[in-house]
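Data first, discussion second: the structure below is written as C-alpha cells.
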Amino acid sequence: GDIVLLAKPVTLTEGDRVTLTTDVPVATDGTSKPEKLLYAVSLPPVHGQIEHINYPGVPISSYSQLEVVAQKVSNVHDNSHGASKEAFR
C-alpha cells in the first residue's frame with residue numbers, strides 16, 4: 001500500500017540528546033504490522049548523529065518503528081561551538 005510519513009522537526013541545542021518518540025516520526029504503510037517499518041537516515045544531522053541508545057557514540061543509518069516505540073533511538077548534537085542549534089527532520 002501507500003506509505004505515509006508524518007514528521008515534526010526536532011530542534012536541539014549544543015550538547016543536547018533527544019530521544020525520538022512516535023510524536024516525531026509516525027509512518028504507516030497500510031498494513032497491520034507498523035512495527036516492521038524501517039526508517040533510513042538519508043540526510044544525517046550536520047552537527048551530530050542518530051544513535052541507538054544501547055550504543056552511544058555510534059551513528060546509525062537506519063532504525064525501525066519498533067525501536068522508536070521502545071524509545072531506543074536518539075538524535076545527539078555534537079557540541080559544535082559554531083552551531084548552537086540544529087533542526088532534524
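All of the numbers you see were taken from the coordinates with simple rules; none came from a lab. Given the structure is predicted, the values throughout are model-derived calculations rather than measurements. Glycine gets a Cβ as well: all are built from the backbone with ideal geometry, and neighbour counts include every protein chain shown.
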TODO: Take THR22, project a point 7 Å from its Cα along the Cβ direction, then tell me which residues of the range 65-81 have their backbone nitrogen under 20 Å from it.
DONE: 65-75
TODO: Pull up all non-local amide H partners of GLY48: gap of 5 or more, or a different chain, and H-to-H distance under 5 Å with H placed in the peptide plane.
DONE: ASP78
